[in-house]
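The structure under discussion appears below in the form of structure tokens.
The values are calculated or read from the model by the stated rules, or taken from the named source; none is laboratory data. Everything numeric here is computed off the predicted structure, so don't read it as measured data. In this analysis, Cβ positions are derived from the backbone assuming ideal geometry, glycine residues included, and neighbour counts consider all displayed protein chains. Just the protein is used for accessible areas: all its heavy atoms, side chains included, with ligands, DNA and RNA removed. Shrake-Rupley method; radii C 1.70, N 1.55, O 1.52, S 1.80 Å.
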Amino acid sequence: MSGEQGKKVISAIKGTKDILPSEVRLWQIAEATAREIFELYGYRELRAPVIEPTELFERGTGASSDIVTKEMYTFTDKGGRSITLRPEYTPSVVRAIIEHRLDLQPQPLRFYYIGPMFRYDRPQKGRYRQFHQIDIEVFGEKDPAIDAEILEMAHRLLSSLGVTGVFTLVNSVGCKKCRPAYGQKLREAALAVKEQLCPDCQRKSELNPLRIFDCKVESCRALAAGFPRITDFLCEECREHFKKFREYLDLYGISYRVEPTLVRGLDYYTKTAFEIVTEEAGAQNAICGGGRYDDMVREFGGPDLCGIGFAMGVERLLSVARIKVPERSFVYFAYLGEEAKKESLKLARNLRSEGIECLVEFKERKMKDHFSRANKLGAEWVLIVGEDELRKGKFQLKDMTKARQFEGSLIELASIIKGKKILETG
RNA sequence: GUGAGUGUAGCUCAAGGGUUAGAGCACCGGACUGUGGAUCCGGUGGUUGGGGGUUCGAAUCCCCUCACUCACCCCA
């Protein structure tokens, strides 16, 4: 042992972090709320692996997308396969549908999932290399009512978690019938002013002119303002879909803004695209993004099954959520002596069977120290087990929040604890 | 991948070339005789992110590097 090795502290990988117990309650509540709401709309959880064949994302997410070209965690496994830690969830669901012939089940199919995604990006506020998404997908429903319904569901989740100050942006990016014609017009417009665009946009004007709308350079924005708008080029079907979609949004009372320049970064979107943004989250202000992808399943060699979905970033969501964490309620055992310690262990065992959280610490303490300790740990109850109590078979129970004290048998005290719990949680 | 800012105890911060780097909070122990939050006393804890340089002397000045933070890019 050189001694030098022991000094080196190992820390979490850049862009990843531990979620410690003090914070994890927020995650649990957010996740439980999401599950509850999604199930309410008929969604069921579908859990896919964290690792997938690299090809899944190259074909699904899009070979020209930034995610695939520079942000994937890709490695070769011992069998020589190219494996990728999923950067998003949609392709995995599509794969699962085709693999298990889920399209033969009654449609539409509604799935949800909550879990980690991985992108090799430079971390900043609201952006991490391992981050978490709440994801929902619907397959086999063409009706624009579903487009509005998933947005309504997203808003229900947000308001349940106390998120305020959000705004919804919607757009239609057309379909394979009308988008190429528009793309051509846009490219022409972009190339006409190419010299005046920033270097990045010059590149985009060839590759994917839609993305020029995302540019934040002022001169590019000014030029892009004069470019043709997708909404003026939609085919009959897309225009009708977009119109109905907005009608249903109005029906749900969801306020939104049509943003003809809204471009989802993934290549597969068709028709509806949307984003929910917040004012108070820094530069990464999109907490939810999604859209329709009617061609993806077929392009993977599956049935002709349309799809739509959204993803919410859990870290971003929690950064703007106002979640009330209920106080934990537990019984601290203040015992005196070995005999009382043993009795406490038995009592705790029985109370736990009643669903009551108990903490028996094994260190001998004086009564005052027990209370001091109970207070520090935030115990709601202190159960006193001393000589008198052992003799009588009745125990003292102190309510630490109200400074009341009861005497009774274990059963009597258990019902006091449970009675208060019911009173407080309703 | 590019740019800027910041790195001193678990946390928040002092010390800005000159003894052995300090404080508050937290943690541990003690005083307080079977009833908590207070108070008082004491203690643990740092190669000042790491490496190199300048200097008689570096937490302090210079260079490199790493990490964190924010922004660009992209996106949840």
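Here are the numbers:
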| read-out | value |
| --- | --- |
| Surrounding net charge for residue A:213, when Lys and Arg each add one and Asp and Glu each subtract one, Cβ distance under 11 Å | +3 |
| Neighbourhood net charge (9 Å Cβ-Cβ; Lys/Arg +1, Asp/Glu -1) for residue A:326 | +1 |
| Rounded, prolate or oblate (a/c below 1.5 giving rounded, otherwise prolate when a/b exceeds b/c) for segment A:123-169 by Cα gyration tensor | oblate |
| Potential lengthening between residue A:403 and residue A:176 on full extension [0.36 nm per residue; Cα-Cα distance subtracted] | 74.7 nm |
| Pairwise FRET efficiency - residue A:18 versus residue A:229, Cβ, R0 = 41 Å, nearest 0.05 | 0.35 |
| Cα-based helix-to-principal-axis angle, A:236-252 vs chain A, degrees rounded to 10 | 30 degrees |
| Length gained when the stretch residue A:365-residue A:75 is fully extended (0.36 nm per residue, less Cα-Cα span) | 98.9 nm |
| Gaussian network model of chain A, Cα within-10 Å springs - most flexible of A:189, A:96, A:340 | A:340 |
| Within a Gaussian network of chain A (alpha carbon springs, distance under 10 Å), most fluctuating of A:279, A:339, A:71 | A:339 |
| For segment A:339-381, alpha-carbon Rg relative to the globular expectation (2.2 N^0.38 Å, N residues) | 1.19 |
| Spin-label model distance (nm) - residue A:125 vs residue A:50, 7 Å beyond Cα toward Cβ | 2.9 nm |
| Solvent-accessible heavy-atom area per residue, rounded to whole Å², over chain A at 1.4 Å | 53 Å² |
| Anisotropy class of segment A:14-141 from Cα gyration tensor, a/c 1.5 cut | oblate |
| Förster radius 22 Å - calculated FRET efficiency between residue A:387 and residue A:418 (Cβ-Cβ, nearest 0.05) | 0.20 |
| Accessible carbon and sulfur surface of segment A:331-425 relative to its total accessible area, %, 1.4 Å | 51 percent |
| P(r) tail fraction, segment A:58-112 - alpha-carbon pairs more than 15 Å apart, % | 58 percent |
| Potential lengthening between residue A:222 and residue A:39 on full extension [0.36 nm per residue; Cα-Cα distance subtracted] | 61.4 nm |
| Other-chain or far-sequence residues with amide H under 5 Å of residue A:73's (modelled H) | A:85, A:120 |
| Percent antiparallel among DSSP beta bridges (both partners in segment A:331-425, rounded to 5) | 55 percent |
| Cα-based convex hull, segment A:331-425, per residue volume (Å³, whole number) | 89 Å³ |
| Pairwise centroid distance, computed over Cα atoms, of segment A:211-255 with segment A:91-152, Å | 23 Å |
| Cross-link pairs A:341/A:394; A:70/A:271; A:70/A:204; A:17/A:125 - those with Cα-Cα distance over 22 Å | A:70/A:271 |
| Chain A: Cα Rg divided by the 2.2 N^0.38 Å rule of thumb | 1.29 |
